[in-house]
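Below is one structure, written out as structure tokens, with a few remarks after it.
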Amino acid sequence: MDMEARLRQIMEVLDQLADDNSVPRNIRRGATQAKERLSQKQEALDIRSASAIMILDELANDPNIPLHGRTLIWNIISQLETVK
């Protein structure tokens, strides 16, 4: 799978997280911010993915996030770590 396809897949999962009403609002907002960082084509891909990982890592440590949301964030982070 090429990088663009992998990024599209990651952004779709971030959209799912952002639209999930069982997740607190700040987590949904953070998922949207991470997607926006990944979408900025003028920056290098490794910088975009590192920025998104930082945002998501902060969200994963939020004590109010439900277990399924945290698992989803960890999966996204794992996928982003393979993006170069």
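The values are calculated or read from the model by the stated rules, or taken from the named source; none is laboratory data. Keep in mind that what you see is a predicted model, and the values were worked out from it rather than measured. Cβ atoms come from the backbone with ideal geometry, glycine included; neighbour counts cover every protein chain shown.
Points to keep in mind about this one:
- Pairs, first over 19 Å from E81 (Cα atoms) in segment 1-30, second among the basic types (K, R) and outside any helix (DSSP H, G or I), C-beta under 9 Å, six or more apart: none
- Segment 70-84 - residue that is charged (D, E, K, R) and under 14 Å from the mean Cα position of the chain (by Cα) and, of those, modelled with the highest pLDDT: R70
- Yes/no for I76 being outside any loop (DSSP other than H, G, I, E, B), in contact (Cβ under 8 Å) with a residue 60 or more places away in the chain and of a type outside the set (S, T, Y): yes
- A count restricted to segment 29-69 and to residues that are among the basic types (K, R), part of a helix (DSSP H, G or I) and either at pLDDT below 95 or under 12 Å from L7 (Cβ atoms) (or both) stands at 3.
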